[in-house]
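Novice: Take a look at the following structure, please.
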There are 2 protein chains.
Amino acid sequence: MTTIYDVAERAGVSPATVSRVFNGTSVSAEKVAAVRKAAADLNFTPNRTARSLRTQSSEVIALVIPDIENPYFTEMARGVEDVASEAGYSVVLCNSDSQTEKEATYLQIAIAEHMSGVIIATASETTSLDSILSTGRPVVAVDRATRYDVDGVVIANRAAGIAATESLIEAGYRRIAYIGGPEDIDTAADRAAGWRAALAAAETQTDIGALQRFATFRVDGARAAMEELLALPEPPDAVVAGNNLIGVGAIQVLTERGLTPPQIGVAVVGSLPFTTLSPTAVTMVRLPARHMGVTAARMLLERIGGDAQPARTVVLRGDVQHASAVRV
Amino acid sequence: MTTIYDVAERAGVSPATVSRVFNGTSVSAEKVAAVRKAAADLNFTPNRTARSLRTQSSEVIALVIPDIENPYFTEMARGVEDVASEAGYSVVLCNSDSQTEKEATYLQIAIAEHMSGVIIATASETTSLDSILSTGRPVVAVDRATRYDVDGVVIANRAAGIAATESLIEAGYRRIAYIGGPEDIDTAADRAAGWRAALAAAETQTDIGALQRFATFRVDGARAAMEELLALPEPPDAVVAGNNLIGVGAIQVLTERGLTPPQIGVAVVGSLPFTTLSPTAVTMVRLPARHMGVTAARMLLERIGGDAQPARTVVLRGDVQHASAVRV
DNA sequence: TTGAAAGCGCTAACAT
DNA sequence: ATGTTAGCGCTTTCAA
């Protein structure tokens, strides 16, 4: 491994000058040239570990998400990454798998590795940010709000739930069920609240309780919930899916039974990027995942840069894409 | 930030002893207890950067993939992560976005950060592993073979192409097209070769050239290719998709035209995890992505542990799930 | 088993 | 503008 001392010797300067060349402080043009040449000759790369130990910082940010296999989060990750790498930061993607312990481990690593900041979609309400915050590192919450006073970027979940439901009501459906994520995740609870509010406003449907299901945010849970709903004495004629994977699970079950939309109405809070359905068969409230990542990364970078204004929360709205079909 | 010196002072031992406690070398039971207590009191976490600078290593491995938004690669990432975290390693996920320069940057970072090893699905044939290999770090190639003499885990791509095609032939289709990824990616070329071989063996189809398309490994490219094929004077009655996203794109176009499988035969090399199709409508040659990640991670860990046997390549086979329907 | 001390590669005072 | 030097927090000889 070549060090700045090797480069310094070859270029006939001091190690400090080599360091300066690589950090952009004032060095005479001729020495800059000599150092660059020597560095190139020796195939020198600065040792980030040493740099990081010395400066107590590193150009790395951690992105902690609950499910790396969910396209919603990977799209968000792309947004984060694009902004970060533009600014010279690398992104370490950590998959908490919705487990608080794994999440805590990654947060510890972020501290121990001197990472500059953290963007996190928390695994649950109980997530503790105490130790990371006590180090003074900036944290931005994405997708899910936290009980801490930190920057956040969230979705207007209640509005999204309302929009999805209203789209079905307008299309003529009259018994609209809801399948959402775990009730203790705020995003899931808010979307469910939106569904309830829309139904209440429409005054068309009374037995709301019977048509509400909380599953996991995964395909399997949604499948089971959909089966349950269809087995009801009075099954629904439409369903609102609380996120993209729930939408997939619900539609899978429906399709297997020959009930392809719009035979039964489907509205999804989220996008179906890999759907093979006709694009107009279901209503999607598309969530700006990438934009969310971009916004969060920008906020984090500002904080890393020393910005100390009070914590802000940015609320992003979904974009309704109505199914063109109506109830048949 | 608390250091081993703080802990040492509080426990009444030397810093070296504290270090030993955290690294499992012989220390008397009473001192171990004292150190642990002091560490807990002070909420001490060893500084990985310092450790890494001193030992010239770190318990981090890099996983470089060309498309983080492709479920195939995220499933693979899960496999890698599960094995790695079990062994006390963390995984840094790097998205090269199929760009050789981005890939090179991440490889540089892996070196500069003293990461223990790299698992990489290369962006292209031209990927250079020279500098990472010259540092002596182990590299395992996944999904795509390289021109270097390193460990690898790949799919039996030609066999997968043959299996997909044969499934369609057996179902009675007679004009089977192929849409694959870029011809210069070996996986794409091999799958195409499998398709050609299966058709040649069946002797049912002659104008192979007209029915072959190379797109990107993305949804959009596949859509365009599918449109082209349908616009042919003599359009195909079936299509083999070279990967999961190509399958999605092709099926989307077909569905939009009311040509849902099995009206037209579809076989995909890969899985459709978020499909909303009836599960028996298309043939899938399911690829063991997670297993691939697991295998690669195990191999890398062995190398990190000092294993110096000659480079091995593990070939994994896809698992055919035939569409239950036949040509209609 | 334990401690003292050197040094991993770099940056940032401080001095020139 | 440039060089000298003292650490950043840790591990690891070497001695005791």
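Novice: Taking amide H positions as placed 1.01 Å from N in the peptide plane, with prolines and chain starts having none, which residues 5 or more places from B:CYS94, or on another chain, fall under 5 Å of its amide H?
Specialist: Placed amide hydrogens put B:LEU63, B:VAL64, B:ILE65 under 5 Å from B:CYS94.
Novice: Once you treat every alpha carbon in segment A:208-328 as an equal point and sum by Debye, what is log10 I(q)/I(0) at q = 0.09 Å⁻¹?
Specialist: After summing over all Cα pairs, the log10 values are -0.33.
Novice: Using a 7 Å offset from Cα along the direction of the beta-carbon, what are the separations from B:MET1 to the same position in each other copy, nm, ascending?
Specialist: 1.7
Novice: For B:LYS31, list the aspartates and glutamates whose Cα falls under 17 Å from its own Cα; do not include residues on the same chain fewer than 8 positions away.
Specialist: By straight Cα distance, B:LYS31 reaches B:ASP6, B:GLU9, B:ASP41.
Novice: Output the residues of segment A:26-62 meeting this criterion: accessible area (heavy atoms, 1.4 Å probe) in the chain alone minus accessible area with all protein chains in place is 50 Å² or greater.
Specialist: A:ARG48, A:THR49, A:LEU53
Novice: Ordered by packing density, taken as the mean number of other Cβ atoms within 10 Å over each peptide's residues, highest first, how do B:237-248, A:113-124 rank?
Specialist: B:237-248, A:113-124
Novice: Using a 1.4 angstrom probe, figure out how much accessible area the protein assembly as shown has per residue, in square angstrom, rounded to the nearest whole.
Specialist: Accessible area per residue, the protein assembly as shown: 40 Å².
Novice: What is segment B:157-287's relative contact order, in percent, from Cα pairs under 8 angstrom and six or more apart in sequence?
Specialist: 28 percent
Novice: Loop only by DSSP, 11 or fewer other Cβ within 10 Å of the Cβ. Give me the GluC sites (Glu not before Pro) in segment B:187-233 that pass, ordered by residue number.
Specialist: B:GLU203
Novice: Right, another one. Mean residue ellipticity at 222 nm from the helices of chain A, using -39,500 (n - 2.57) per DSSP H segment of n ≥ 4 over the full residue count, to the nearest 500 deg cm²/dmol?
Specialist: Here the helix-only value at 222 nm equals -13500 deg cm²/dmol.
Novice: In terms of the Cα gyration tensor, with a ≥ b ≥ c the square roots of its eigenvalues, is the protein assembly as shown rounded because a/c is under 1.5, prolate because a/b exceeds b/c, or oblate?
Specialist: oblate
Novice: Taking amide H positions as placed in the peptide plane 1.01 Å from N, state which residues far from A:VAL140 in sequence (5 or more) or on other chains have amide H under 5 Å from it.
Specialist: A:VAL118, A:ILE119, A:ILE120
Novice: Can you tell me the equivalent ellipsoid semi-axes for segment B:125-219? Use √(5λ) from the Cα gyration tensor, largest first, whole Å.
Specialist: 33, 13, 9
Novice: Could you work out, residue by residue across B:63-69, how many beta carbons of other chains sit within 10 Å of that residue's beta carbon, and then give the average as an integer?
Specialist: 3
Novice: In square angstrom and rounded to 100, what buried accessible area do you get between chains A and B, total over both, with the probe at 1.4 Å?
Specialist: 4300 Å²
Novice: How far is B:THR135 from the same spot in each other copy, in nm, shortest first, if each label point sits 7 Å from Cα toward Cβ?
Specialist: Spelled out, the distances from B:THR135's label point are 2.1 nm.
Novice: Which values of log₁₀ I(q)/I(0), to two decimal places, follow from the Debye formula for chain A at q = 0.10, 0.11, 0.14 Å⁻¹ with a uniform point scatterer at every Cα?
Specialist: The Debye formula, applied to the Cα set alone, gives -0.65, -0.74, -1.01.
Novice: Hey, with R₀ at 30 Å, roughly what FRET efficiency would A:ASP319 and A:ALA201 work out to, going by the Cβ-Cβ distance, to 0.05?
Specialist: That gives a FRET efficiency of 0.90.
Novice: Within 10 Å of each Cβ in peptide B:77-84, how many partner chain Cβ atoms are there on average? Round it to a whole number, please.
Specialist: Per residue, the number of nearby Cβ atoms from other chains is 2 on average.
Novice: Further question on the same structure: First check a/c for segment A:57-159, with a ≥ b ≥ c the square roots of the eigenvalues of its C-alpha gyration tensor; if it is under 1.5, answer rounded, and if not, answer prolate when a/b is larger than b/c or oblate otherwise.
Specialist: rounded
Novice: How much of the accessible area of chain B, in percent, comes from carbon and sulfur atoms when a 1.4 Å probe is used?
Specialist: It is 51 percent, rounded to a whole number.
Novice: Tell me, what does the Kirkwood hydrodynamic radius of segment A:1-46 come to in angstroms if you use every pair of distinct C-alpha atoms?
Specialist: That comes to 10.0 Å for segment A:1-46.
Novice: Here's something else I'd like to know. Between A:SER131 and B:GLU125, take the C-beta separation as r, use R0 = 41 Å, and let me know the FRET efficiency to the nearest 0.05.
Specialist: For R0 = 41 Å, the calculated efficiency reads 0.35.
Novice: For a quick check of understanding: with a 1.4 angstrom probe and all protein chains in place, what accessible area in square angstrom does A:LEU316 have, to the nearest ten?
Specialist: Ignoring ligands and nucleic acids, A:LEU316 comes out at about 20 Å².
Novice: Please give the FRET efficiency for A:ALA29 paired with A:ALA308, using the beta carbon to beta carbon distance and R0 = 51 Å, rounded to the nearest 0.05.
Specialist: 0.85
Novice: Among the lysines, which fall within straight-line cross-link reach of B:LYS102, defined as a Cα-Cα distance under 27 Å, with same-chain neighbours fewer than 8 residues apart omitted?
Specialist: Answer for B:LYS102, where 27 Å is the Cα cut-off: A:LYS37, listed by chain and number.
Novice: Please report, for the Cα atoms of segment B:183-242, the Rg to one decimal and the Dmax as a whole number; what are they, in angstrom?
Specialist: 11.7, 32
Novice: Ordered by packing density, taken as the mean number of other Cβ atoms within 10 Å over each peptide's residues, highest first, how do A:159-166, B:22-29 rank?
Specialist: In decreasing order of mean packing, A:159-166, B:22-29 become A:159-166, B:22-29.
Novice: Cβ under 11 Å from A:TYR178's Cβ, A:TYR178 left aside: what net charge do those residues give with Lys, Arg +1 and Asp, Glu -1?
Specialist: With Lys, Arg at +1 and Asp, Glu at -1, the net is +3.
Novice: Highest mean first, what order results for B:204-217, A:179-192, A:77-90 on Cβ atoms within 10 Å?
Specialist: The densest-packed peptide leads the list: A:179-192, A:77-90, B:204-217.
Novice: Taking 8 Å as the Cα distance limit and 6 or more residues as the minimum spacing, I'd like the relative contact order of chain A as a percentage.
Specialist: 18 percent
Novice: Residues of segment A:260-278 that become at least 10 Å² less accessible with every protein chain present than in their own chain isolated, using 1.4 Å: which are they?
Specialist: Residues shielded by partner chains are A:PRO273, A:PHE274, A:THR275, A:THR276, A:LEU277, A:SER278.
Novice: Here's a follow-up. Just going by the charge dipole of segment A:1-46, with Lys and Arg at +1 and Asp and Glu at -1 on Cβ, which of A:LEU42, A:VAL18, A:MET1 is farthest out on the positive end?
Specialist: A:VAL18
The values are calculated or read from the model by the stated rules, or taken from the named source; none is laboratory data. Predicted model, so just to flag it, every value in this text is computed and none were measured. Please note: Cβ atoms are built from the backbone with ideal geometry, for glycine as well, and neighbour counts cover all protein chains shown. Each accessible area value is taken on the protein alone, full model and side chains, heavy atoms only, with ligands, DNA and RNA left out. Shrake-Rupley method; radii C 1.70, N 1.55, O 1.52, S 1.80 Å.
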